[in-house]
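Engineer: Submitted below is the structure of interest, expressed as structure tokens.
The values are calculated or read from the model by the stated rules, or taken from the named source; none is laboratory data. Everything numeric in this text was worked out from a predicted model, so none of it was measured. Using ideal geometry, Cβ is built from the backbone for each residue, glycine included, and neighbour counts are taken over all protein chains shown.
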Amino acid sequence: AKSYISSLQTSAKLLEELDYSNIKSLNIEEKIEHIYINYIEKLKDIVDSDNLKKLIIERTKTLLSGNIEDRKLAQALLGKIEDGIHIEMHKITKSAEEAIKNHEYEKAAKKYDTASKMALEIYEDKLAKTLEEKAINTRQLPNIIKEREEVALKARNSLKNDDFHTAYSLYRKAADLSEKLMDFEKSEEYSLKSRALSEFHKIDKKYKHND
């Protein structure tokens, strides 16, 4: 049993040296794809200038069949299209994405705030809420990045001390934080480490119990 535990500990430590870039996991890939589609592509599609224009036009069609106040509102919305509000919103959100890539989180958040207010101008309340939440999440990014670094460091230290249970729990947390950051490569890496260490913990517990 002791020799087995020694091999187990060596194997666990090798997790830190593995190249995860080429490791494929169907469940993780599906999860990452789900996150990407729901959090990135969905917003990009909605804030696309052509899609925004269609949304506004559809709303005006409904309003034009209403009372006098509704028809006035429809005319105001058509005026927003003529002023190019849909194009401006698209430019602002694209600029916010670039700011995030450059780690300019407050700048990006302010742009999302601006786009959110513009969405209210065209009475797209759900879109305004989505953009507002995007601004809030963007402002939280620096803290999430710092927390992930601290959690990953604690996980590595736990692994060095053969504390598999704590290590796999911390790597799971690091994976969750990576998802929030849309850092899919790290999310996959930490998820795989967490899964492997979960199994190591079960075996380690079994053989320690036998001792």
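Engineer: Does Thr93 satisfy the criteria of being within 19 Å of the chain's Cα centre (by Cα), over 19 Å from Ser178 (Cα atoms), buried (at least 16 other Cβ atoms within 10 Å of the Cβ) and at pLDDT 75 or above?
Structural biologist: yes
Engineer: Moving on. Exactly one of these conditions fails for Ser158: (1) at pLDDT below 85; (2) more than 25 Å from the chain's Cα centre (by Cα); (3) not aliphatic (A, V, I, L, M). Give me its number.
Structural biologist: Unmet for Ser158, out of (1) at pLDDT below 85; (2) more than 25 Å from the chain's Cα centre (by Cα); (3) not aliphatic (A, V, I, L, M): (1).
Engineer: Do you know which residues across the range 100-110 are assigned to a helix (DSSP H, G or I) and within 12 Å of Arg139 (Cβ to Cβ)?
Structural biologist: Across the range 100-110, the qualifying residues are Ile100, Tyr105, Glu106, Lys107, Ala108, Ala109, Lys110.
Engineer: Within the range 111-125, track down each residue that is in a helix (DSSP H, G or I) and within 24 Å of the chain's Cα centre (by Cα).
Structural biologist: Hits for the range 111-125 are Lys111, Tyr112, Asp113, Thr114, Ala115, Ser116, Lys117, Met118, Ala119, Asp125.
Engineer: Return yes or no: is Asp162 touching a residue at least 40 places away in the same chain (Cβ under 8 Å) and either over 30 Å from Leu55 (Cβ atoms) or not in a helix (DSSP H, G or I) (or both)? If you could, list the steps in order and put the result at the bottom.
Structural biologist: On the way: touching a residue at least 40 places away in the same chain (Cβ under 8 Å): yes; either over 30 Å from Leu55 (Cβ atoms) or not in a helix (DSSP H, G or I) (or both): yes.
So Asp162 passes the test.
Engineer: Which residue pairs have Cβ atoms under 7 Å apart, sit 6 or more places apart or on different chains, and have a first residue in the range 57-75 that is among the small types (Gly, Ala, Ser) and a second that is part of a helix (DSSP H, G or I)?
Structural biologist: So the pair list comes out as Ala74/Thr60; Ala74/Leu63; Ala74/Leu64.
Engineer: Moving on. If you take just the helices (runs of 4 or more DSSP H) that sit entirely in the range 30-90, which of them hold at least 1 residues that are modelled with pLDDT of 90 or more?
Structural biologist: Output list reads 49-64, 68-82.
Engineer: Could I ask something else about it? Go through (1) over 25 Å from the mean Cα position of the chain (by Cα); (2) among the charged types (D, E, K, R); (3) exposed (fewer than 15 other Cβ atoms within 10 Å of the Cβ); (4) modelled with pLDDT of 90 or more for Glu106 and report which single condition fails.
Structural biologist: The single condition Glu106 does not satisfy is (1).
Engineer: Tell me the residue from Lys117, Lys154, Lys111 that is under 30 Å from Leu55 (Cα atoms) and either in contact with a Cys (Cβ under 8 Å, 6 or more places away or on another chain) or surrounded by fewer than 21 Cβ atoms within 10 Å (Cβ to Cβ) (or both), please.
Structural biologist: Values: Lys154 fails: under 30 Å from Leu55 (Cα atoms); Lys111 fails: either in contact with a Cys (Cβ under 8 Å, 6 or more places away or on another chain) or surrounded by fewer than 21 Cβ atoms within 10 Å (Cβ to Cβ) (or both).
Lys117 is the lone residue from the list that is under 30 Å from Leu55 (Cα atoms) and either in contact with a Cys (Cβ under 8 Å, 6 or more places away or on another chain) or surrounded by fewer than 21 Cβ atoms within 10 Å (Cβ to Cβ) (or both).
Engineer: Shifting gears a bit: Being within 15 Å of the chain's Cα centre (by Cα), closer than 29 Å to Leu55 by Cα and part of a helix (DSSP H, G or I): is that true of Ala128 here?
Structural biologist: no
Engineer: Taking the range 159-180 as the region of interest, how many residues are aliphatic (A, V, I, L, M) and either more than 25 Å from Ile136 (Cβ to Cβ) or surrounded by fewer than 17 Cβ atoms within 10 Å (Cβ to Cβ) (or both)?
Structural biologist: 3
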